[in-house]
Amino acid sequence: MVEDVNPTESNSIEEGETSNAANEVGSGIEELKVEAADIDIDFESEFSEVAADVAAADTPDSEASEPSEGDATAVSALEEQVAQLKAQLEDRSNQYLRLTADFENFRKRTSREKEDVELQVKCNTISNMLEVVDNFERARAQIKPQNDGEMAVHKSYQSVYKQLVEALKRIGVAPMRAEGKEFDPNLHEAVMREPPDEHADGTVIEELVRGYVLGERVLRHAMVKVATPLE
């Protein structure tokens, strides 16, 4: 059998329960406030400790940063050794440069002397051969073949003369052409003089003995007759 419940009583019960729950929540909040009040946090002290730790970490150890007397002595010794090695290196470099320059000068001087000796030997040899050329030219000028036999002999030695002249040309020997040119004491040797009637004063009138050059070097001066007033 279901009992009838009075609405008024039911509401009162619910209100009682709500009131109790509210009281419990309120008491819990009060307890939290009391606990929070009991906890006293000193923020300034905490920040001061942290700052002190950071400063201690950044500050180098005086004993570790300052070198010892032994380390300073070792560094000084190494610096002195480096300076000595640099001085030795500079000295060796200067010696090498001097030796290189001396060797280059020696090489050039030796090469020049060798060329001069070779040229002198060549000039002496050719100068002796020039006398043979002169004899061939005298023979050609003086001998007049009278018959076929003499003409054959004449042609034969003239062929030899031609071969000799061609050989001299190949090695650089060239004859001077002095006649009609101005007298040059570096090339000509005046052996005769003639009054300058038809020629200007100082002009080579006749080449008596032909001169020769090898390149720019005179093998033999030309013997010439020069137009010049007689004293």
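A short reminder: the numbers here are calculations on the coordinates, not readings from a lab. Just so we're clear, the structure is a prediction, and the values are computed from it rather than from any experiment. Virtual Cβ from ideal backbone geometry, glycine too; neighbours counted across all protein chains shown.
Listing for the model above:
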| item | result |
| --- | --- |
| Residue that is nearest to the chain's Cα centre (by Cα), among those in segment 215-224 that are surrounded by 18 or more Cβ atoms within 10 Å (Cβ to Cβ) and farther than 10 Å from HIS188 by Cβ | LEU219 |
| Answer residue from segment 138-162, given it is in a helix (DSSP H, G or I) and among the charged types (D, E, K, R) and is farthest from the chain's Cα centre (by Cα) among those | ASP148 |
